[in-house]
Structure formats: C-alpha cells, structure tokens
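Right, I'll just put the structure down here and ask away after.
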Amino acid sequence: MPTIQQLPRTGAVTAADLVPISQSGSLVTTTTGELLAGTQPAILAPTGSLLGRISLGPGGPEPIDVGAGLVLESGTLIADVSTLRSVLGVGGAGSGSAAVAALPVVSSLAASDLIAVSQNGTNAAISLSNLLDGETIDEASPAGPASDTDSLWVGQGSSTMVRQTFGAVWAWAAAHMAGYKPPVLELSTNTTLDASVHNGRILVCSSPLTLSPAFATMGSGFACEVLNLSSGQVTFGTGFIVSSGQTALGPNQFASIRAVSYSQGNAVFAAVAGAAGSAGAGTSAPGSVGGLTVSAITASGATVSWTAPTTGGAAASYLVQYAAASGGASVSLSVPAGTTTSVLTSLAAGTSYTVTVAALNGAGASGPSSQTTFATAAATNPPGPPQNLAASGATASSVQLSWSPPTSGGAATSYTVQFSGSGSGGWSIFATGVTGTSITVTGLSPSTAYSFEVIATNAGGSSAPSTPASATTLAASGSVTSITWNVPPGTQYSVGNGAIGVNVHVAPSTAAVQFGLSTSSATAPSAWTAATHVNTDLWGAYVAVPTTAGTYYMWCEGTDGSMPTVYATPITVS
C-alpha cells in the first residue's frame, strides 16, 4: 500500500472532492465540503479594525468603522479630545477645557442669535426671538394680592423692557380722568341696547326711533345717556321701567338708562328728565287728539288719521299704538308734529285691530284717544296663469300679443309680458303693470324666432307663466351699403356633403342679406340662400355644398341685390 507522500498531489481542492475517514471502525468517504461545513472561516481584517456584526442573518464578524474623535489603539477604543472639540464646536484646537470666560464677550443679542439648550436629553439650539416668544404667563410663580408696589413690564420710549409699579400706573390714570369725555354715538334707526356698543356713551337720537332693552347683552351695571334731538319721539320698547310713566321721550328731552341685577331679578330703568323751556317744548302737556278714523284698509295695511289737540300745550309729536284685537304685543309708531296721519303696514289679512293716538311734548303726554277698531280685508289668492296667449302681426321689429284673463285663482289686476329670442337662453321683461289683455312687443331683431309669456298679478302674488306663444320676425328691408366677411367659407369640401357656414357684418344692421355660390368671381350666383339675423349687425347662413365637383366662389348681397360682394378665395368641391 502506498504512503500519503507517494500519492500524486492535486492542483486544487473543491467541495466535491472525497477524503477517507474512519467511522465506527469502518473506512468510509466524505466530501471536503461536508467535512468543513460549520467551521469558522478565516477572519481577515486590517490592523486597527473593530469587529462586530452589522448585517442581518447569520454570518461571521464584520469590520466596523469608528467615527470622528475616536481611535482604536492596541485593542482599546479611546477618544481623541482635540478632534471631539472641533466636531462639537467648543474650545480651541488642542485646548483641554471650554471655559465660558474664554469665549468672546458680546454687548447685545439679536433676535436670530442662537442659545444652547438641552431638549429631551439632546443638545440643540434656539434663536433668541423663539426663546422669548415661547415664554408663557403660566411659567411664572403665582402672585399674592395686588398692591401699589407690584411691577409690570413696559416699553418706555423704545422696545427695551423696563418695569413700572401699579401705583405709578394708577396715578397716571387718575391724572387723566379729569379730562375724560364719554363717547357720543348717533342713532337714527330702531336700536337694541348692547354693552359692547352703547355702555358708557351718550346716545344722540337724530330721528324718531324705538329703543329696546336686552338685559342679556347689557348686563348689570350698564349705563348710558339718551338725548332726543329729533323732531319726533324716542319710544321706550317693552321691558323698560320709566320714571315718568311715559312710553316715550319727547323732543329735546333726555334720559339716564341703568341696567341692574338685584334680589328681585333684573331691571332696565330709564330716568326721564323734563325739558321745560327748551325749543319745541310746551308749558303743559297737550290734550287728547280727536277725530280718529281708519281708511284705505287692505289685506295688509290701513291709514290712521286724527286731528290735533285743541287743549293743553302744542303737540311736539304723536304716538300711534295698535295691536290685534284678539291680543298680542302692541306696536308703537312715532309721528312728528304737523303730520296727523300714519300708514300701518305688514298687518295680517282678515284680522281685527285696535288703534289709539296720543300727543306728546316736552312737558308730557296726553291721554290716549278713544280706541278705534277696524278689520283688514281677507287675503287675496294669487291668480292662475293667463289663457289663450296668441302672437300675430309680426314685422321686422315687433309682434302683437293677445290673451284671455286667468280662469283660476284670484282676479288679475295687471300683467307682466316677457320674451326670449332664439338662442338667448333666458327671458327678458318687455312690460309690467299692463292692465289690458293685448300689447305690441317692439324692439325685436329681424328674422329671429321668439317665444312670449304673460304672467298675471294681484295683491296676493303672481301666477305661473302662461303657455308660451311663438313668432318669427320678418327680414329687415332696405339696401345694403357695406358687407364685411366675419366667418368666410373654407377651401375644401366633399361633393354634396353638408353645408358651408358663413356670416358677415352688414350696414345698415337691419338690411337683410343672402348668400350664394357661383363658378365665377365675376358672375353672380343664379340661386341664393336667405341669411338669418344673428345679433346686432351680424347675418349668417348655411349654404348647401354643390353636388357637382368644381371650383366655386361665395357671394353675399342685399336681398334687393344691393352691394354684391364676392369672397376672393375660391372653394374646391371634389
């Protein structure tokens, strides 16, 4: 048997090569791959490398790089202090410390300057402006009761923050109180009092109006002054307690208004001062008015008339009060002196009302007049649509319409006539308040198809439109003086296929034109297509493509043969 040294030497070894082994006393064979499976491969790494495992899954050690400021010396990981200081931006190169005293000194800070902070264990920087903006009041310690020595931050002549005491601020405010003037606010329409607008103000009423209290928006402690400089009265709305017992403030009178909460609830009080001797005020309150009547009664309104008092002082204004006879809130109207009528509006149809009138001046109010009762008319049903609308007698600019009254609903008192031109997409009103059942609609365009509708109206409302009627206006007559091509014909068409769309600008705009095709630019066509008036001075038509191949020219002229015009570019039909 040869020895191992006597065996021939292989040039390369593969995982499939066989080697003999003894297994349980028997000689067997295995591959080199099976023999070496699971053994640790050779670890080859450069000197000074740190080994670890950074890849996913099984495998051997892998080299790991160390970052700036760290080095591996003789198997030990150490810090390079000089490099670390450079990376972190502290200290000087090669310095062993970062003393604050060694840093440059600044005399001021800008909003963009950065300040070092530690946020959740991580070093960071924040600008000075963001640092200050982030400061909130809840970061301060709780304060005790306020005193004159307490301090406030203020900016005094610059943006620099300085401190000021409560005592100094109060002394400054007190010095200005003597010159304080309450704001003046002019009122000219009915007004509901609101603390955000009226509290602490002088309210000057320049027109007769009604003041209404609203405790929810006034609040306890609300105060204002009301001065009536109008020629009529300022009425106190429901909810006021008035010192004089009157319901209104006469001309040249004023009142102090207070809102309070107390043990019995909430109250809005008006203390009325007299205006004896002032302009327009009487030396005594006026007597009662007389001759109260109600006229011009409709379903929603009426006119109240009376005569001026013949006793007592002269009336400076009148107070008209009315309410539904069945109960409900009373409505007050102010009427200036010199007027002895008042129109009531927005009444309910078919309802009984009571009305009284009182006279007022600066000295007080008269007793109310005798009460008068009246009833509004029953509600009127809107009319049904007009019937049998017909259009006839068309001209180039007008159409005659006629119709019959509605056969349903309430009777019509007037009509509205409207029209819509072909392609306009909407309705235009021609006339309203028409009392007859016929009308001539004018101002229409020639050669245009129109639709017409009529709507009936009465006090109860308006009807649905009538069934439309249609008519087409005639072509305009007259000679053409100018033709300008707007959409000329194309240059290539298929024999007998479709139509050629063309249009032109015409002067005068009401003169009708026609289009035609000729095989010559010098000889007019023998057949013509009438144009349609599009709008303003624009006329157009669709001309059938010839059924014979050849070269053609498009012509346009007035329907009376005036201003024959040929488009210079020929048309090829093939």
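Taking Rh as the Kirkwood radius, which is the inverse of the mean 1/r over Cα pairs, what is the Rg/Rh value for region 184-273? Don't skip to the answer; put the middle values down first.
Working: Rg = 11.9 Å, Rh = 12.7 Å.
Result for region 184-273 is an Rg/Rh of 0.94.
By how many degrees, 0 to 90 and rounded to 10, does the Cα axis of helix 166-177 deviate from the longest principal axis of the chain?
So the helix axis and the longest Cα principal axis differ by about 20 degrees.
Also, quick follow-up: Calculate the length of the line joining the C-alpha centroid of region 311-325 to that of region 394-430, in whole Å.
A separation of 48 Å, based on Cα centres.
For T298, what residues show an amide H to amide H distance below 5 Å, using hydrogens built from the backbone and excluding near sequence neighbours?
Here A377 satisfy the definition.
Can I ask one more? Here are labelled values, [x] 79.0; [y] 31.1; [z] 28.2, and one is the computed mean projected area of the Cα convex hull in nm² for what I pasted. Which one?
[x]
Could you compute the longest span of the chain free of trypsin sites (Lys or Arg not before Pro) located in DSSP loops and having at most 13 other Cβ atoms within 10 Å, not counting the site residues? Working shown, then result.
Details: sites that count: R9, R53.
Counting at most 13 other Cβ atoms within 10 Å as exposed, the longest clean stretch of the chain is 54-574.
Continuing with the same structure: From the backbone phi of region 189-205, what are the Karplus-calculated ³J(HN,Hα) couplings (6.51 cos²θ - 1.76 cosθ + 1.60, θ = phi - 60°) in whole Hz, Gly and Pro given as x?
Those phi angles translate into 9, 3, 9, 9, 5, 9, 4, 5, 10, 10, 5, x, 10, 9, 9, 9, 8 Hz.
Further question on the same structure: Using θ = phi - 60° and the Karplus relation 6.51 cos²θ - 1.76 cosθ + 1.60, list the HN-Hα couplings for region 249-257 in order, rounded to whole Hz, with x at every Gly or Pro.
9, x, x, 6, 10, 9, 9, 9, 10
Further question: With each run of n ≥ 4 DSSP H residues scored as -39500 (n - 2.57), what mean residue ellipticity at 222 nm is computed for the chain after dividing by its residue count and rounding to the nearest 500 deg cm²/dmol?
Details: 6 runs with 39 residues, N = 574.
The per-residue figure over the chain is -1500 deg cm²/dmol.
May I pose another question? Sort L538, L401, L360 by Cβ crowding within 10 Å, fewest neighbours at the top. Present the calculation step by step, with values, prior to reporting the outcome.
On the way: L538 16, L401 24, L360 29.
By the 10 Å Cβ count, ascending: L538, L401, L360.
Find the centroid of the Cα atoms in region 159-236 and in region 5-72, then give the distance between the two in whole Å.
Distance between centres, Cα-based: 97 Å.
Ranked by Cβ crowding within 10 angstrom, fewest neighbours first, how are M563, M177 ordered?
Working: M563 17, M177 7.
Ordered from fewest to most neighbouring Cβ atoms within 10 Å, M563, M177 come out as M177, M563.
FYI, it's all coordinate maths here, none of it is from the lab. This is a predicted model, so every value here is computed, not measured. Glycine gets a Cβ as well: all are built from the backbone with ideal geometry, and neighbour counts include every protein chain shown.
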